[in-house]
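Each remark here refers to the structure printed beneath this line.
The values are calculated or read from the model by the stated rules, or taken from the named source; none is laboratory data. Predicted, not measured: the structure shown is a model, and the values here were computed from it. Cβ sites come from the backbone with ideal geometry, for glycine too, and all protein chains shown count toward neighbours. Heavy atoms of the whole protein, side chains included, go into the accessibility calculation; ligands, DNA and RNA do not. Shrake-Rupley method; radii C 1.70, N 1.55, O 1.52, S 1.80 Å.
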Amino acid sequence: MLARSQKALLSGLIDYAGLFPPAALSMDEAVRNYARYGEGEHAWMLGKFVVPEARAGEVPEGFAKSVLGVDEMKADSVDDIRRTGFSPSGRAKARPTFVEITDVGLIPELAAHGLSAKIRTGGLTPDAIPHVDRVATFIRVCAMHGVPFKATAGLHHPLRCDRALTYEENSPRATMHGFINVFMAAAFPHDAERILAEEDPKAFRFEDDAAWWRDHAVTTEHLEAVRREFAISFGSCSFEEPIADLQELGWL
């Protein structure tokens with residue numbers, strides 16, 4: 001039986017992004033997949049259906065409620081953030097807005113405008129994968145300023161590992177971040193670097209009352225709060241691959 005802490009960590013964790021590379025499915029294929037996942041054994045792990053704004057009009061009528069209920073944008077400067085027009089007083093009336101940034105110096109500005117952060121954790125080439133230190137700093141600064149975050153790209157596998165970056169035969173390989181690493185690091189921001197770098201599955205343990213990384217424990221109740229209020233989800237072009245890896249580790 002699944003431990004309660006595992007359920008807390010994994011519930012609604014994966015936003016399905018089958019329209020995006022490397023899967024790059026058609027809208028019909030991605031919609032069919034999402035509907036099938038939503039009726040399957042692991043539907044409780046399924047988040048929203050991610051659609052680029054430019055393709056929102058392709059979403060079938062009646063399926064709109066499943067579309068990712070957030071706004072997303074990129075920002076390279078304080079001016080970009082200020083141009084969004086959001087303010088803390090208006091946030092409660094608007095859908096959550098995640099702003100993809102590469103400069104953690106913008107996080108205080110996100111906090112001031114009631115915005116959430118988004119980090120790109122991978123891509124189609126090795127240079128698209130941010131260093132452990134950069135991801136750790138992002139998590140820690142978000143925690144410091146009370147800014148919720150989500151992740152996108154590259155989190156197909158539970159633990160940090162060396163893998164092919166695409167499904168092509170001659171795909172480049174690189175060490176990829178793991179989604180268990182990232183979301184457990186969010187529960188222990190001060191130890192984020194070490195948790196993000198962890199490759200040993202035996203270093204993680206899940207019980208009903210707590211989840212453990214080595215000798216560090218987080219209560220299930222706190223982990224639920226972290227997922228609800230801080231570390232929201234990650235987008236993946238595959239829903240099945242993360243599930244299969246979790247099963248191989250004996251975590252599902």
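Annotations
- When only alpha carbons are used to place a centre, the range 101-171 and the range 177-241 end up 15 Å from one another.
- Shape class of the range 114-252 from the Cα gyration tensor (axes a ≥ b ≥ c, square roots of the eigenvalues): oblate, since a/c reaches 1.5 or more and a/b does not exceed b/c.
- Using a probe of 1.4 Å on the protein chains alone, the accessible area found for Met144 is around 140 Å².
- Of the residues Arg140, Arg227, ranked by 1.4 Å probe accessible area with the largest first, the sequence reads Arg140, Arg227.
- Local electrostatic count, Arg194, Cβ distance below 14 Å [Lys/Arg +1, Asp/Glu -1]: -4
- Looking at the chain alone, DSSP beta bridges between its own residues are antiparallel in about 35 percent of cases.
- The distance between label points at Ala54 and His145 comes to 2.9 nm (points 7 Å beyond Cα on the Cα→Cβ vector).
- With every protein chain in place, the chain: carbon and sulfur % of accessible area (1.4 Å): 50
- You can think of it this way: the chain between Asp103 and Arg173 has 22.6 nm of extra reach, that is 0.36 nm per residue less the Cα-Cα gap.
- Using a probe of 1.4 angstrom and keeping all protein chains present, the accessible surface of the chain works out to 48 square angstrom per residue.
- Overall form of the range 172-252 per C-alpha gyration tensor (a/c, 1.5; a/b vs b/c): rounded
- Counting Lys and Arg as +1 and Asp and Glu as -1 over every other residue whose Cβ lies under 13 Å from the Cβ of Leu19, the net charge comes to -2.
- Ordering Met73, Met1 by accessible surface, largest first, gives Met1, Met73; the 1.4 Å probe counts only protein heavy atoms, with every chain in place.
- Close amide H pairs (under 5 Å, H built 1.01 Å from N) link Phe204 with Arg214, residues at least 5 positions away or on another chain.
- Ordering Gly123, Ala153, Ala187 by the projection of their Cα atoms onto the charge dipole of the range 73-187, which places +1 on the Cβ of Lys and Arg and -1 on the Cβ of Asp and Glu, puts Ala187 at the extreme positive end.
- Beta bridges per DSSP with both ends in the range 87-203, % antiparallel, nearest 5: 35
- Charge context of Ser77, other residues only, Cβ under 12 angstrom, K/R +1, D/E -1: -2
- Electrostatic dipole magnitude of the chain [Cβ: Lys, Arg +1; Asp, Glu -1; Cα centre; debye, to 20]: 640
- In order along the range 99-105, phi translates into HN-Hα couplings of 10, 6, 10, 10, 9, 5, x Hz, rounded to whole numbers, per the Karplus curve 6.51 cos²θ - 1.76 cosθ + 1.60 with θ = phi - 60° and x for Gly and Pro.
- Computed with a 1.4 Å probe on the full set of protein chains, the accessible area for Cys142 sits at about 0 Å².
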